Amino acid sequence: MQPFSLSSPLVLLDTPVVGDTARVFEYCQDPLFERYLTVPWPYNLEHAEGFLVEYVPSGWMSDREYTWALRDPAGPELQGVICLRLSGESVAADASVHRVGSIGFWLGAPYRGRGLILEAQRLVADWAFAAGIIDVLHWECMVGNVASARAAWKSGFRYSGTGPSVTAYRDGTFPDSWHGHLAAGDDRSRQPGWPAPALAR
């Protein structure tokens with residue numbers, strides 16, 4: 001897969017580039033990233049360089065993980081990152097086989113609270129479903145990451161429950177996480193059943 005852009009009047013998703021190194025490094029100093037994300041910690045400049053020069057391009061070339069930079073359509077400043085990871089297939093209770101992907105994202109502190117992740121998730125999900133790449137989109141976050149859970153709830157994900165994370169944490173453990181899923185045919189309305197903290201204002 002060659003990198004490509006997705007856009008709306010609110011956000012532009014395009015290729016993360018080496019010129020984004022300083023911003024990736026800056027945003028990844030956030031203590032919330034240490035607590036809730038799998039990025040290395042302490043997060044050094046060489047981690048940002050490796051992410052942009054090696055990790056992102058290899059994901060696209062291998063058709064394993066598609067990573068976009070989140071920007072304002074009017075300017076090049078990096079605001080955050082969103083990715084779609086192809087997870088393979090799963091078998092549902094009715095024995096039907098679904099192609100599954102998982103979504104991950106982070107947003108720099110100055111840009112939170114503007115609905116940017118909601119729009120970015122919509123763009124990625126719409127493309128992945130329309131292109132027939134996946135049938136189900138999985139989301140997870142560590143228990144307590146209310147901002148991520150609220151974004152998934154507002155995007156129409158159905159709450160699947162609490163259990164070990166699918167992705168290993170930086171220490172190799174699989175901490176308790178909230179899980180959700182969005183199917184291609186879902187109407188994206190806000191679903192009941194989410195843990196109360198995720199719905200708090």
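All of 150, 170 fail the test of being within 24 Å of residue 66 (Cα to Cα), loosely packed, with under 12 Cβ neighbours inside 10 Å and in contact (Cβ under 8 Å) with a residue 40 or more places away in the chain, apart from 170. Within region 116-134, if we keep just the residues that are more than 20 Å from residue 151 (Cα to Cα) and touching a residue at least 40 places away in the same chain (Cβ under 8 Å), the residue that is least open to solvent (accessible area, probe 1.4 Å) turns out to be 134. Residues in region 8-23 include none that are in contact with a strand residue (DSSP E or B) (Cβ under 7 Å, 6 or more places away or on another chain), in contact (Cβ under 8 Å) with a residue 60 or more places away in the chain, hydrophobic (A, V, I, L, M, F, W, C) and over 19 Å from residue 77 (Cβ atoms).
Selection over region 53-84 of residues that are free of Cβ contacts under 8 Å to residues at least 24 places away in the same chain and assigned to a strand (DSSP E or B) gives a count of 1. If you go through region 173-194 and keep only what is closer than 13 Å to residue 140 by Cβ, open to solvent by less than 80 Å² (accessible area, probe 1.4 Å) and in a loop (DSSP other than H, G, I, E, B), you end up with just 175.
Please verify whether residue 100 is under 24 Å from residue 142 (Cβ atoms), surrounded by 16 or more Cβ atoms within 10 Å (Cβ to Cβ) and at pLDDT 95 or above, treating the condition exactly as stated. Criteria not met by residue 100. Here region 16-45 is the region considered, the condition is being part of a loop (DSSP other than H, G, I, E, B) and hydroxyl-bearing (Ser, Thr, Tyr), and the residue that is surrounded by the most Cβ atoms within 10 Å (Cβ to Cβ) is 43.
Close contacts from region 36-52, counting a first residue that is modelled with pLDDT of 90 or more and a second that is of a type in the set (Phe, Trp, Tyr), with Cβ to Cβ under 6 Å and a gap of 6+ residues or different chains, come to 38/169; 39/33; 45/25; 48/25.
Taken across region 78-87, residues that are at pLDDT below 95, small (Gly, Ala, Ser) and under 22 Å from residue 4 (Cα atoms) do occur, with at least one present.
Flag not set for residue 56, criterion: surrounded by 17 or more Cβ atoms within 10 Å (Cβ to Cβ) and within 20 Å of residue 109 (Cβ to Cβ).
The values are calculated or read from the model by the stated rules, or taken from the named source; none is laboratory data. Computed from a prediction, not measured in an experiment: that's the story for all the values here. Ideal geometry is used to build each Cβ from the backbone, glycine not excepted, and the neighbour counts take in all protein chains shown. When the accessible area is computed, the model is the full protein with side chains, heavy atoms only, and any ligands, DNA or RNA have been set aside. Shrake-Rupley method; radii C 1.70, N 1.55, O 1.52, S 1.80 Å.
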